[in-house]
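Trainee: Starting off with a structure, shown below.
The values are calculated or read from the model by the stated rules, or taken from the named source; none is laboratory data. None of these values were measured; they are calculated from a predicted model. Cβ placement follows ideal geometry from the backbone for every residue including glycine, while neighbour counts extend to all protein chains displayed.
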Amino acid sequence: MGLPKLAVKRPVTILMVTLAVLLLGFISLTRLPIDLLPNLELPVMAVSVNYQGVGPQEIESLISIPLEESIGTVNGIESITTRSSEGNSILIAQFSFGTDMNKAALELRERVDTIKAFLPEEASSPIVLQIDPDSLPIIQISLTGSNDLASLQVFADEVLSPQIERIDGVASVEVSGGYTRKIEIELDPAIIHSYGLTMDTIMSVLSAENINLPGGTIQRGNQEYTIRTLG
């Protein structure tokens with residue numbers, strides 16, 4: 001008996017089945033969890049090594065290739081992406097989905113510790129990190145105004161950032177995108193030579209004077225304020 005024939009002969013049964021399916025679908029829809037930032041465990045780990053003052057080719061031959069050959073035998077790795085730049089080497093290891101990342105991280109760290117003795121002594125110790133989406137910032141705030149970016153940077157650093165850091169649950173606040181105020185000093189070589197000065201002498205004097213010093217405290221009512229002298 002086909003479905004159309006059954007629907008014609010038993011309309012009440014078909015109606016009850018249809019209502020039951022609709023009811024189950026409605027109950028499932030209302031209980032379906034929705035999360036904007038679900039708890040994800042990405043099967044990705046990164047290994048980073050710093051070696052200041054060394055070019056990309058030396059970084060690749062001295063650090064990237066030995067690390068890649070060492071961690072390439074870790075179980076569950078699908079691919080390894082290496083980026084060698086001046087003074088830094090980063091390896092991104094992509095594991096298969098379903099891999100036990102705790103076990104994989106332990107095995108990866110063991111392989112890195114094994115190859116650590118063969119890396120240059122001046123290089124930093126390899127840092128093994130697991131890519132965790134929960135560690136990424138979840139709130140981004142943009143500032144706009146009629147002032148220049150340097151003024152907005154000062155406002156974000158000295159006013160807005162401390163206030164946000166005092167909010168419960170905030171781990172850290174990072175400010176980026178603005179301009180840091182700088183002062184350029186142009187020197188006349190002839191005048192410097194006439195005074196018997198050198199560039200190193202002027203740089204030393206400017207560095208010694210460009211400091212912030214405590215200026216004591218003042219009392220105003222029941223409040224005590226700390227004074228500092230800006231160089």
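Trainee: When Gly231 is evaluated against the numbered criteria (1) modelled with pLDDT of 85 or more; (2) touching an Asp or Glu at 6+ places or on another chain (Cβ under 7 Å), which criterion, by number, is the only one it fails?
Mentor: The one condition Gly231 does not meet is (1).
Trainee: Report, ordered by the first and then the second residue, all pairs with beta carbons closer than 8 Å, sequence separation of six or more or different chains, a first member in region 91-103 that is at pLDDT 85 or above, and a second member that is assigned to a helix (DSSP H, G or I) and not basic (Lys, Arg).
Mentor: Here the result reads Leu91/Ser64; Leu91/Leu67; Leu91/Glu68; Leu91/Ile71; Ala93/Ile71; Ala93/Leu108; Phe95/Met101; Phe95/Ala104, each pair linking region 91-103 to a residue that is assigned to a helix (DSSP H, G or I) and not basic (Lys, Arg).
Trainee: Considering only region 164-173, state which residues are modelled with pLDDT of 85 or more and surrounded by 11 or more Cβ atoms within 10 Å (Cβ to Cβ).
Mentor: Residue satisfying the conditions is Ile164 alone.
Trainee: Same structure again: So the check is Cβ under 7 Å with 6+ separation or different chains; which pairs have a first residue in region 116-137 that's over 15 Å from Ser70 (Cα atoms) and aliphatic (A, V, I, L, M) and a second one that's modelled with pLDDT under 85 and surrounded by 10 or more Cβ atoms within 10 Å (Cβ to Cβ)?
Mentor: Ile131/Leu42
Trainee: Kindly list the number of the only condition in (1) assigned to a strand (DSSP E or B); (2) exposed (fewer than 13 other Cβ atoms within 10 Å of the Cβ) that fails for Asn102.
Mentor: (1)
Here is a yes/no grid of residues against (1) within 20 Å of Leu149 (Cα to Cα); (2) of a type in the set (Asp, Glu); (3) within 21 Å of the chain's Cα centre (by Cα); (4) in a helix (DSSP H, G or I):
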{"residue": "Gly169", "(1), (2), (3), (4)": "no, no, yes, no"}
{"residue": "Ser172", "(1), (2), (3), (4)": "no, no, yes, no"}
{"residue": "Lys182", "(1), (2), (3), (4)": "yes, no, no, no"}
{"residue": "Ile191", "(1), (2), (3), (4)": "no, no, no, yes"}
{"residue": "Gly196", "(1), (2), (3), (4)": "no, no, no, no"}
{"residue": "Asp200", "(1), (2), (3), (4)": "no, yes, no, yes"}
{"residue": "Leu206", "(1), (2), (3), (4)": "no, no, no, yes"}
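Trainee: Right, here's the next one. Taking the stated definitions as given, is Glu107 in contact (Cβ under 8 Å) with a residue 24 or more places away in the chain and assigned by TED's automatic domain parsing to the domain that holds Leu129?
Mentor: Here the answer is yes, as Glu107 does meet what is asked.
Trainee: Please count how many residues of region 81-116 are among the β-branched types (Val, Ile, Thr), closer than 19 Å to Leu62 by Cα and out of contact with any strand residue (DSSP E or B) (no Cβ under 8 Å at 6 or more places or on another chain).
Mentor: 2
Trainee: For region 105-116, enumerate the residues that are over 16 Å from Val49 (Cα atoms) and either within 22 Å of the chain's Cα centre (by Cα) or basic (Lys, Arg) (or both).
Mentor: Ala105, the sole residue that qualifies.
Okay, residues lined up against (1) closer than 27 Å to Ile227 by Cα; (2) in contact with a strand residue (DSSP E or B) (Cβ under 7 Å, 6 or more places away or on another chain); (3) polar (S, T, N, Q); (4) not assigned by TED's automatic domain parsing to the domain that holds Thr144:
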position	(1), (2), (3), (4)
Glu158	yes, no, no, no
Pro162	yes, no, no, no
Val175	yes, no, no, no
Tyr195	no, no, no, yes
Asp200	no, no, no, yes
Ser204	yes, no, yes, yes
Ala208	yes, no, no, yes
Ile211	yes, no, no, yes
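Trainee: Next question, about the same structure. Select, from Ser84, Ser161, Ser125, Ser146, the only residue that is outside any helix (DSSP H, G or I) and surrounded by 13 or more Cβ atoms within 10 Å (Cβ to Cβ).
Mentor: Ser84 is the lone residue from the list that is outside any helix (DSSP H, G or I) and surrounded by 13 or more Cβ atoms within 10 Å (Cβ to Cβ).
Trainee: Might you let me know whether region 29-51 holds any residue that is farther than 30 Å from Phe95 by Cβ and either under 32 Å from the mean Cα position of the chain (by Cα) or of a type outside the set (D, E, K, R) (or both)?
Mentor: Checked region 29-51: at least one residue is farther than 30 Å from Phe95 by Cβ and either under 32 Å from the mean Cα position of the chain (by Cα) or of a type outside the set (D, E, K, R) (or both).
Trainee: I've got another one for you. Restricting region 178-197 to residues that are of a type in the set (Ser, Thr, Tyr) and modelled with pLDDT of 85 or more, which is farthest from Asp157 (Cα to Cα)?
Mentor: Among them, the one singled out is Ser194.
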